[in-house]
Amino acid sequence: MSDSQSTNSDWRRDWEFPAGVSYLNHGSFGPSPRPVRDALAHWNDELESQPMDFFIRRMEPELDVAVSRLGEFVGAEPRDVLLLDNATWAMNIVAQSVELAEGDEVLLTDHEYGAVRRLWQAVCDRVGARVVTARLPDPVDSVDAVVDAVFASVTPRTRMLVVSHVTSPTALILPVAEICARARSSGVPVCIDGPHAVAMLPLKLSELGCDYYAASCHKWLSAPFGSGFLYVRRGIQSRMRSVVTSWGRSVGGRGPDWRDEFNWLGTRNPAPLLSIPAAIDYLEGVGLDVFREHSFGLARYARACLSAVPGVKAFVESPDWQGSMATLVVDAPGWPKPSLNETDALQQALWSEHQIEVPLTRHGGQRLLRVSCHLYNTRAEIDGLCEALGTLLVGR
């Protein structure tokens with residue numbers, strides 16, 4: 001066995017998958033490695049052993065420790081980072097806090113996550129504003145072309161630009177730094193939806209130039225489910241409005257902070273948030289460069305192998321547009337396309353017949369297969385997916 005294979009075997013032991021399961025969907029729901037689960041159990045025990053002491057005396061200082069570690073990891077001052085359950089919660093806070101009026105516009109791209117689009121559509125509908133969709137180039141092959149396509153839809157009525165750092169349906173790494181720079185010159189606020197970028201890509205949020213950055217930590221960072229954050233640029237933090245009204249102030253005796261309204265929103269279990277440093281420690285222990293080299297390399301291997309399956313082709317010409325995920329177009333006329341919110345029958349067959357967990361979605365009328373690769377994944381799993389997919393496509 002080679003050194004790389006031995007290392008991968010060591011990593012895989014930190015996760016607990018049922019025998020025979022190929023889990024190629026870390027991008028949707030990324031399970032935590034053992035050291036992170038141990039940290040989660042520790043914080044749960046600390047909370048349950050003396051809740052009064054934990055909530056009243058310990059929680060705020062421990063959250064400060066966690067946010068300081070996370071801020072360092074994502075390149076932001078800790079005081080600009082708010083710990084939250086997930087990116088959805090963070091994006092809802094931004095949407096709740098932005099002043100919109102009749103006739104205003106919120107600009108998204110046609111590669112945006114469906115739940116984000118649904119949220120902003122609901123917010124706009126309430127006040128008579130509207131969601132505008134910028135269509136990215138097809139094919140995507142130039143940073144300038146992507147930026148130009150976004151700003152071709154900016155108007156004097158644009159009050160917010162929402163853009164993914166790494167798109168969920170298509171796994172594209174978008175040029176958010178260039179988009180933010182153009183937005184600043186145009187006076188347009190930017191909210192970045194960034195769950196897939198945390199750990200997959202190096203981040204320096206304080207230098208990025210965005211106004212808001214919403215993210216989950218349960219994806220590539222592999223922190224526990226129920227951990228995420230919202231970065232808010234200095235100067236606009238006082239505008240943030242919570243989607244939940246509770247005490248909204250510190251009960252630990254310290255001075256007021258813009259995050260109090262969100263930290264004290266009712267009794268909740270902060271153990272997932274307090275376990276974020278353990279997830280950072282784990283990946284840094286492996287080596288972030290090692291993690292990225294392994295996951296990027298495996299995604300490119302998946303892209304090449306799957307493209308050789310009849311009826312399958314890469315979604316984007318250059319692999320440089322994608323990182324730990326590869327997205328491919330699947331031409332499967334024998335398999336009916338699902339309706340909205342319905343699981344693709346081909347995806348279900350990959351699971352029920354081959355125990356392969358991988359999502360199939362739709363974008364622009366095309367059926368897309370998105371393969372996620374983490375430390376525990378292997379080339380053998382990719383080979384198995386290629387074989388299974390080829391069998392199912394030929395069978396229909």
For residue 333, work out the one condition from (1) surrounded by fewer than 19 Cβ atoms within 10 Å (Cβ to Cβ); (2) over 29 Å from residue 137 (Cβ atoms); (3) not assigned by TED's automatic domain parsing to the domain that holds residue 247 it doesn't fulfil. (2)
Given the residues 22, 49, 9, which is the only one that is among the polar types (S, T, N, Q) and outside the structural domain of residue 373 (by TED's automatic domain parsing)? 49
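Criterion first (free of Cβ contacts under 8 Å to residues at least 40 places away in the same chain and either surrounded by 24 or more Cβ atoms within 10 Å (Cβ to Cβ) or among the basic types (Lys, Arg) (or both)) does residue 184 satisfy it?
So residue 184 passes the test.
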With closer than 25 Å to residue 258 by Cα, surrounded by fewer than 16 Cβ atoms within 10 Å (Cβ to Cβ) and within 21 Å of the chain's Cα centre (by Cα) as the only criterion, which of 96, 121 stands out? 96
Determine if the stretch 304-318 includes at least one residue that is within 19 Å of the chain's Cα centre (by Cα) and surrounded by 21 or more Cβ atoms within 10 Å (Cβ to Cβ). no
Take the residues in the stretch 19-57 that are surrounded by 16 or more Cβ atoms within 10 Å (Cβ to Cβ) and charged (D, E, K, R), then tell me which one is farthest from residue 376 (Cα to Cα). 46
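I need a count of the residues in the stretch 159-176 that are in a strand (DSSP E or B), within 16 Å of residue 149 (Cβ to Cβ) and of a type outside the set (Gly, Ala, Ser).
4
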Inside the stretch 12-56, the number of residues satisfying the requirement of being outside any helix (DSSP H, G or I), modelled with pLDDT of 95 or more, touching a helix residue (DSSP H, G or I) at 6+ places or on another chain (Cβ under 9 Å) and under 16 Å from residue 225 (Cβ atoms) is 6
Among the numbered criteria (1) more than 17 Å from residue 278 (Cα to Cα); (2) in the same structural domain as residue 247 (by TED's automatic domain parsing); (3) in contact with a strand residue (DSSP E or B) (Cβ under 6 Å, 6 or more places away or on another chain), which single criterion is violated by residue 17? (2)
Could you please let me know if residue 149 is surrounded by 13 or more Cβ atoms within 10 Å (Cβ to Cβ) and part of a helix (DSSP H, G or I)? yes
So, residue 146, is that one within 18 Å of residue 211 (Cβ to Cβ), aliphatic (A, V, I, L, M) and either assigned by TED's automatic domain parsing to the domain that holds residue 320 or under 24 Å from the mean Cα position of the chain (by Cα) (or both) or not? no
Is there any pair with a first residue in the stretch 374-394 that is more than 21 Å from residue 348 (Cα to Cα) and a second that is assigned to a helix (DSSP H, G or I) and modelled with pLDDT under 95 whose Cβ atoms are under 7 Å apart and which are 6 or more apart or on different chains, and what are they? 375/11; 376/11; 376/12; 378/8
Lone qualifier among 385, 369 - being assigned to a strand (DSSP E or B), at pLDDT 95 or above, more than 25 Å from residue 282 (Cβ to Cβ) and in the same structural domain as residue 12 (by TED's automatic domain parsing): 369
Kindly establish whether residue 179 is surrounded by 20 or more Cβ atoms within 10 Å (Cβ to Cβ) and part of a helix (DSSP H, G or I). yes
Matching residues in the stretch 323-366 (over 21 Å from the mean Cα position of the chain (by Cα), at pLDDT 90 or above and of a type in the set (Ser, Thr, Tyr)) number 1
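Evaluate the following for residue 134: is it surrounded by fewer than 21 Cβ atoms within 10 Å (Cβ to Cβ) and more than 23 Å from residue 361 (Cα to Cα)?
Working: surrounded by fewer than 21 Cβ atoms within 10 Å (Cβ to Cβ): yes; more than 23 Å from residue 361 (Cα to Cα): no.
In short, no.
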Do we find a residue being surrounded by 15 or more Cβ atoms within 10 Å (Cβ to Cβ) and assigned to a helix (DSSP H, G or I) anywhere in the stretch 320-328? yes
In the stretch 291-319, anything more than 19 Å from residue 383 (Cβ to Cβ), in a helix (DSSP H, G or I) and in contact (Cβ under 8 Å) with a residue 12 or more places away in the chain is listed as 291, 292
Taking the options 169, 139, name whichever one is touching a residue at least 40 places away in the same chain (Cβ under 8 Å) and surrounded by 20 or more Cβ atoms within 10 Å (Cβ to Cβ). 169
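The values are calculated or read from the model by the stated rules, or taken from the named source; none is laboratory data. What you see is a predicted model, and the numbers here were worked out from it, not measured in a lab. Cβ sites come from the backbone with ideal geometry, for glycine too, and all protein chains shown count toward neighbours.
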